[in-house]
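A short worksheet on the structure shown next.
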Amino acid sequence: VVVSCGSPLLPIVAALAREHRARKIVMMKPSFPYSLLRYDIALIPEHDRPTQVKESFFVDLAPSLVNTDSLSKAGARLRDELGIPADKYVALLIGGDTKNYEMDIVKLDFAFREIRRAAERMHAKILVTTSRRTHKRVEELVKKYFDKKTICPLIVIANEKNYEGVVYGMIDLA
């Protein structure tokens, strides 16, 4: 069995499988020009909005290199470099629009209000980051609800300034 977890190596994976007469498994939907039809089994994250392919399974999560060590190192770096104090945290990771999905600003307004209320009830602080795909209107809403002076010691607007390993660090601290 040869397992492929990313498009850049797909030609090599195909050649290796052919050479060893092996079955091919793809994890994640490969990008154009590669086709899911060239695989024996496909494990595809539901968020890729997959079309039904023979012998395919839709999963809620995608494979990742995240492990306890990488998380704790990133958390320590955030604490040291950005002065994030030891406390109880909630991490809020905000993505962005895609060609098939647009974030609903009304629903986000409600969600942000509730997240803030929940954190206050739990006596927790909120760590917030956006994505480079996050729309400006969502970034403005983030700035409205999450203020560094009160409940949020870290707000990262990726289109303005980004920090390496911020997501791993936020997950570790939360």
Once each part is reduced to its C-alpha centroid, what is the distance from the stretch 100-132 to the stretch 137-174 in angstrom?
11 Å
Only four residue types carry charge here, +1 at the Cβ of Lys and Arg and -1 at the Cβ of Asp and Glu. Report the dipole size of the stretch 118-168 about the Cα centre in Debye, rounded to the nearest 20.
120 debye
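Coordinate-derived values only; no laboratory data. If you're wondering where the values come from, they're calculated on a predicted model, not measured in any experiment. Reconstructed Cβ throughout: ideal geometry from the backbone, glycine too, with neighbour counts over all protein chains shown.
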